[in-house]
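Please read the structure below before turning to the comments.
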Amino acid sequence: MKRIPACLWSWYRGGTFRGFQRQAEGPTVQEVLERALREAGVASGGVMPAGRTDRGVHARMQVVSLRLQPGDSAEALAARLPARLPPELGLCVARRPHPSFHSQWSAAGKTYRYRVQLAGKVAPEWLPYVLEVAREPRLAPYDIAPGRLAELLGMAVGQRDFSAFHESSSPRKPRTLESATVKELGGGLFELILRGDAFARYQVRYLVGSALLTAAGGLPEERWRAALESGEAIPGLKAAAAGLVLWEVRYPPELDPFTPAERAAPPGLPEGPPFLGAPEG
């Protein structure tokens, strides 16, 4: 008998993990999740995520594909898995998807949110989840205007070669940044929302860090523009992982395993940082 396809919407706080992908030196999200699945009676070959996240990066919505034994179901798994997960990793929804669904290859796009403290003191509950510019050596001497930051990120919107802003291990090809906005959360805390069709390794962190550096005057605007227009290498800044959240993975409506209501109010998602905010639209 064939195994049953299933997909999970999981969340995690990345501070205790060495990224998503299993590796020799753990713990990783994949390692911990697959161990919990085995304890819950899932004898599969492993999980396939919508994409990897790096060490320290958080996820409000990470989607993984897996296979269940005949006679099992996603609904039954959802009832027995959460008790086997640590406090830093949880489950929102488990579902049997469309037969053609694949967590990674079916994805139509992703949204990331990055939290940065531009002024004032970081609230205690946000300390593990933000970049504080006053503590970043290349940013600390400068004042960064939110409007200027929004202007620079707006220049990055469109289809282009983002190779100046990602690791060479990712293929060099056109990618589309559909939107980039800056939202004030209060108390000097801001949220940068980046929506695109695909992102290369470290792309969000280099875009955010280099935009901050340019807004601070530490990188000339002409270098920023050249990097965007031609892929010219720049002495950019990779923003700290702690501020980054994989916010949402989007799928074509005919393949999306999750309802609009679930996307608007994810069941089982913890309240408080780093997952606050209205759903991406």
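The values are calculated or read from the model by the stated rules, or taken from the named source; none is laboratory data. All figures in this text were calculated on a predicted structure; none of them were measured in a lab. Backbone-built Cβ (ideal geometry, glycine too); neighbour counts: all protein chains shown.
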Name the residues in the stretch 31-71 that are among the β-branched types (Val, Ile, Thr), out of contact with any Ser or Thr (no Cβ under 8 Å at 6 or more places or on another chain) and not in a loop (DSSP other than H, G, I, E, B), would you? VAL32
Flagged pairs (Cβ under 8 angstrom, 6 or more apart or on separate chains; first in the stretch 100-114, closer than 13 Å to PRO49 by Cβ; second of a type in the set (Ser, Thr, Tyr) and surrounded by fewer than 23 Cβ atoms within 10 Å (Cβ to Cβ)) are HIS102/SER65; SER103/SER65; GLN104/SER65; SER106/SER100; SER106/TYR251; ALA107/TYR251
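Let's see how each residue does on (1) surrounded by 21 or more Cβ atoms within 10 Å (Cβ to Cβ); (2) out of contact with any strand residue (DSSP E or B) (no Cβ under 6 Å at 6 or more places or on another chain); (3) closer than 30 Å to VAL42 by Cβ:
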residue	(1), (2), (3)
PRO70	no, yes, yes
ALA76	no, yes, yes
LYS121	no, yes, no
PRO146	no, no, no
GLU151	no, yes, no
MET155	no, yes, no
GLU178	no, no, no
Taking the stretch 190-231 and the residues there that are free of Cβ contacts under 8 Å to residues at least 60 places away in the same chain and of a type in the set (Ser, Thr, Tyr), the one that is surrounded by the fewest Cβ atoms within 10 Å (Cβ to Cβ) would be TYR206
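Any idea which residue in the stretch 149-160 is nearest to LEU192 (Cα to Cα), counting only those that are part of a strand (DSSP E or B) and either without any contact (Cβ under 8 Å) to a residue 40 or more places away in the chain or touching a Pro at 6+ places or on another chain (Cβ under 6 Å) (or both)?
GLY158
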Sole miss for ALA227 among (1) out of contact with any helix residue (DSSP H, G or I) (no Cβ under 9 Å at 6 or more places or on another chain); (2) outside any strand (DSSP E or B) is condition (1)
Reported set for the stretch 5-41 where residues are of a type in the set (A, V, I, L, M, F, W, C) and buried (at least 20 other Cβ atoms within 10 Å of the Cβ) is ALA6, CYS7, LEU8, TRP9, TRP11, PHE17, PHE20, VAL29, VAL32, LEU33, LEU37
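Does LEU91 fit the bill of being in contact with a Gly (Cβ under 9 Å, 6 or more places away or on another chain), crowded, with 17+ Cβ neighbours inside 10 Å and at pLDDT 95 or above?
yes
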Taking ARG205 as the residue in question, decide whether it is among the basic types (Lys, Arg) and in a strand (DSSP E or B). no
What number of residues within the stretch 1-17 are under 16 Å from PRO274 (Cβ atoms) and of a type outside the set (Ser, Thr, Tyr)? 5
From the residues in the stretch 232-268 that are among the charged types (D, E, K, R) and part of a loop (DSSP other than H, G, I, E, B), which one is surrounded by the fewest Cβ atoms within 10 Å (Cβ to Cβ)? GLU254
